[in-house]
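> Sharing a structure, written as structure tokens. Questions coming.
The values are calculated or read from the model by the stated rules, or taken from the named source; none is laboratory data. None of these values were measured; they are calculated from a predicted model. Note: ideal-geometry Cβ built from the backbone for every residue, glycine included; neighbour counts use all protein chains shown. Surface areas here come from the heavy atoms of the whole protein model, side chains and all, with no ligands, DNA or RNA. Shrake-Rupley method; radii C 1.70, N 1.55, O 1.52, S 1.80 Å.
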Amino acid sequence: MSYFVYSLLVLLVPFLMIGFLQNIKAKLQNRIGPPLLQPFFNFFKLWNKTQVLSEDASYLFRFGIVINFCVAVYLILSVPWLNLSPVIGGMDLFLFVYLLAAARFVNILSALDTGSPFGTFSGSREAALSFLVEPSMVLCLLAPCLLASSNILSDVFSFQTAGADNPPVWIFACLGLFLVALVELSRMPVDDPATHLELTMVHEAMIIEASGRNLALTEYAYALKLTLFFGLSVQCALHAMAHWLPSNEWLILILSVLGLFFLAIILALLETVLIKLKWTKCPDFIAYALTMAMFACIVALGGRT
């Protein structure tokens, strides 16, 4: 039963997250906004559209999009972004990081393969951001691993794990992962997904040559990654409140899903009031995520002594 619910949420929640985020942003900006189910309609509309490919694109372009989508699906099925057991167990911390890096690598290859100057420009920025933010992501996940004395994520995020009741570690990890998500997903203040200036884009300029089914798979993979990172942040927050949570796993599941949409509201608020940082200021912003991650590791090491 839990596997069926997990798989059903994988199909529904990513699209609902994107639709909810767009709708809340519109309401905050005094606009009507799209319907909550608009991402579903967009996916099927793009799936049925004819693909337009650059004359310079080779097999690498299509190959990179498919690999990125497959990695996103595998991660969402094997990483415990919900309190339920993943459909595919045994995900290792370092395998998780390597798979994200592999998906990013093929994304950059796809952007470069089309011969677009915007793809080249955004690909170089994506590589720089990933190089800067990856240590923060590793340390944010390493701190709970130190508490659990394991690097298997399903064991680390289990509520029965020894050391799961160390709130400071989980709070710092939650804050760090949320900041990491803003960088990994190219959201404000690192990048503005609503801009139409290709020279300032990161993610949007990388997929500027995608169309039809290629764009549908790319957008779905992005929604899966958004759900994955926000889900990990919510799980860290729930572990910080483990003493006050009900013992029923289905009630915790409801809180997990509600936490995802709460983070979407926070992101909508941030993208409404914040402005995009200058490129030279992005490392300073990433330093906050690294600081949270280091605090989490220090407290976790102190708890082991």
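> For the chain, what does the relative contact order come out to in percent, with C-alpha contacts under 8 Å and a separation of six or more?
Contact order relative to length: 29 percent.
> So for each of 25-37, 176-188, 126-138 I average, over its residues, the number of other beta carbons within 10 Å; can you give me the resulting order with the highest mean first?
Ranked by mean Cβ neighbours within 10 Å, highest first: 176-188, 126-138, 25-37.
> What is the percent carbon and sulfur in the accessible area of the chain, measuring with a 1.4 Å probe over the protein chains and ignoring ligands?
Using a 1.4 Å probe with all protein chains present, the chain comes out at 69 percent carbon and sulfur.
> Additional query: So what's Rg/Rh here for the range 115-159, counting alpha carbon atoms and using the Kirkwood radius for Rh?
Here the Rg-to-Rh quotient is 1.30.
> What helices does the chain hold that run 27 Å or longer along their axis, going by alpha-carbon atoms, with a Kyte-Doolittle average of 1.6 or more, using DSSP H for the helix calls?
Span-like helices in the chain: 59-78, 93-113, 249-273.
> So, one more: Determine which lysines satisfy two conditions relative to LYS27: a Cα distance under 21 Å, and not lying fewer than 8 residues away in the same chain.
Within the straight-line limit of under 21 Å, LYS27 reaches these lysines: LYS276.
> In bins 10 Å wide, starting from 0, what share of all Cα pairs of the range 101-253 does each bin hold, as a percent?
Binned Cα distances yield the sequence 11, 35, 27, 19, 8, 0.
> A further question follows. Work through the residues other than CYS282 whose Cβ is under 11 Å from its Cβ and net out their charges, Lys, Arg +1 and Asp, Glu -1.
+2
> Order THR280, THR218, THR291, most accessible first, counting only protein heavy atoms with a 1.4 angstrom probe.
The residues order as THR280, THR291, THR218, largest area first.
> Considering every Cα-Cα pair within the chain, what fraction, in whole percent, is farther apart than 36 Å?
14 percent
> To continue, here is another question. Where does each of HIS239, HIS203 land when they are ordered by accessible area, with a 1.4 Å probe and the largest first?
HIS203, HIS239
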